[in-house]
Amino acid sequence: MVVSMTGFGRSKADSEQHTVTVEMKSVNHRFSECYIRMPRQLMKLEDKIKKQVSHNIKRGKVDIFITITGDGLVHKNLHIDWKLIQDYYQLVNKVKETFSLKDEVQLSHLLNREEFVMIEEMEEENEELEHLVLKAVDEAALDLRRMREKEGELLKKDFLIHLKQFEKNIVELTNHAPEVVNQYRERLRKRIVEYNETSFDESRLLTEVAIFADKSDITEELTRLNSHIQYFHSTLIDYGPVGRKLDFMIQEMNREVNTIGSKANDSLIATIVVELKSTLEKLREQVQNVE
């Protein structure tokens with residue numbers, strides 16, 4: 001099915017102690033990449049979060065923002081290095097005595113130095129909080145998925161509009177292609193008559209027409225294009241990611257159209273080829289955003 005790679009999802013989960021808010025936004029990307037911004041204390045959950053998101057998001061760049069309010073994330077301990085403070089204090093007094101300094105040692109001189117007084121943050125195991133975070137992540141991913149599917153439905157409708165125009169142009173080519181040979185035969189016949197009024201070599205005319213018909217024949221290209229169009233339609237309703245398949249089909253369709261353009265010896269065919277390439281470019285731009 002057609003799923004857009006652009007979307008936004010949000011979820012909030014509450015407990016008696018914490019509130020977890022998860023926001024996700026995604027954009028198109030060749031592969032599946034996930035970037036998480038969350039409290040440092042929860043970094044150990046990174047792999048679990050990415051795995052959980054991958055259940056709903058198969059392709060695209062996803063930015064995840066996790067915020068937590070409440071108590072109990074970390075336990076703080078005050079650590080004082082009394083031995084270092086004592087050594088420092090003795091050193092300062094010795095310097096004062098040696099150089100006859102009058103400045104007094106202030107309490108701030110000691111407490112403002114990180115070497116002496118440190119606050120250590122100790123992570124606490126909290127299975128309830130971890131479960132709450134993973135729950136909020138899963139709900140946000142589902143919300144993001146739903147939005148991407150809605151965007152995908154709009155893309156699918158757009159694809160069908162462009163494909164309808166593409167098919168219309170193919171029918172025009174199919175109907176007009178035989179006329180190209182007939183028109184060439186008549187032009188060649190007139191030229192021969194103009195330059196040689198007395199005699200007319202019908203076999204030579206048929207030979208020249210046959211050579212032209214062989215060089216300008218686009219039957220195979222039209223057959224392959226019709227096959228690609230049918231495959232494109234069937235891919236639109238396939239289950240799972242289809243973006244890469246559609247992109248490949250557009251490349252193949254573009255190759256056939258280019259071949260037709262190189263064989264074109266007719267102004268109408270050249271005009272239709274331009275229209276076909278324009279339609280393929282519109283499809284290609286949209287396919288870049290399909291999962």
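The table that follows gives values for the structure above.
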item: Qualifying residues in region 11-27 (those that are out of contact with any helix residue (DSSP H, G or I) (no Cβ under 6 Å at 6 or more places or on another chain) and more than 16 Å from Arg59 (Cβ to Cβ)) - the one surrounded by the fewest Cβ atoms within 10 Å (Cβ to Cβ); result: Glu16
item: Residue ID - nearest to the chain's Cα centre (by Cα), chosen from residues in region 227-241 that are surrounded by 15 or more Cβ atoms within 10 Å (Cβ to Cβ) and in contact (Cβ under 8 Å) with a residue 40 or more places away in the chain; result: Pro241
item: Leading residue by the ranking (farthest from the chain's Cα centre (by Cα)) among those in region 242-265 that are of a type in the set (Asp, Glu) and surrounded by fewer than 18 Cβ atoms within 10 Å (Cβ to Cβ); result: Glu252
item: Test: residue in region 79-87 that is within 30 Å of Arg244 (Cβ to Cβ), surrounded by fewer than 16 Cβ atoms within 10 Å (Cβ to Cβ) and β-branched (Val, Ile, Thr); result: no
item: Sole residue being over 32 Å from the mean Cα position of the chain (by Cα) and not assigned by TED's automatic domain parsing to the domain that holds Val133, chosen from Gln106, Gln17; result: Gln106
item: Only one of Glu285, Glu256 that is out of contact with any Leu (no Cβ under 9 Å at 6 or more places or on another chain) and of a type in the set (Asp, Glu); result: Glu285
item: Complete set of residues in region 263-283 that are modelled with pLDDT of 85 or more and polar (S, T, N, Q); result: Thr271, Ser278, Thr279
item: Given (1) at pLDDT below 90; (2) within 22 Å of Ile161 (Cα to Cα), index of the condition Gln286 fails; result: (1)
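Table: residues versus (1) at pLDDT 90 or above; (2) surrounded by fewer than 18 Cβ atoms within 10 Å (Cβ to Cβ); (3) under 18 Å from Lys135 (Cβ atoms); (4) of a type in the set (D, E, K, R).
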position	(1), (2), (3), (4)
His29	yes, yes, no, no
Arg40	no, yes, no, yes
Leu45	yes, no, yes, no
Arg59	yes, no, no, yes
Phe65	yes, yes, yes, no
Gly70	no, yes, yes, no
Val74	no, yes, no, no
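The values are calculated or read from the model by the stated rules, or taken from the named source; none is laboratory data. Note that the structure is predicted; figures quoted are calculated from it, not measured. For neighbour counting, all protein chains shown are included, and Cβ atoms are generated from backbone atoms with ideal geometry for every residue, glycine included.
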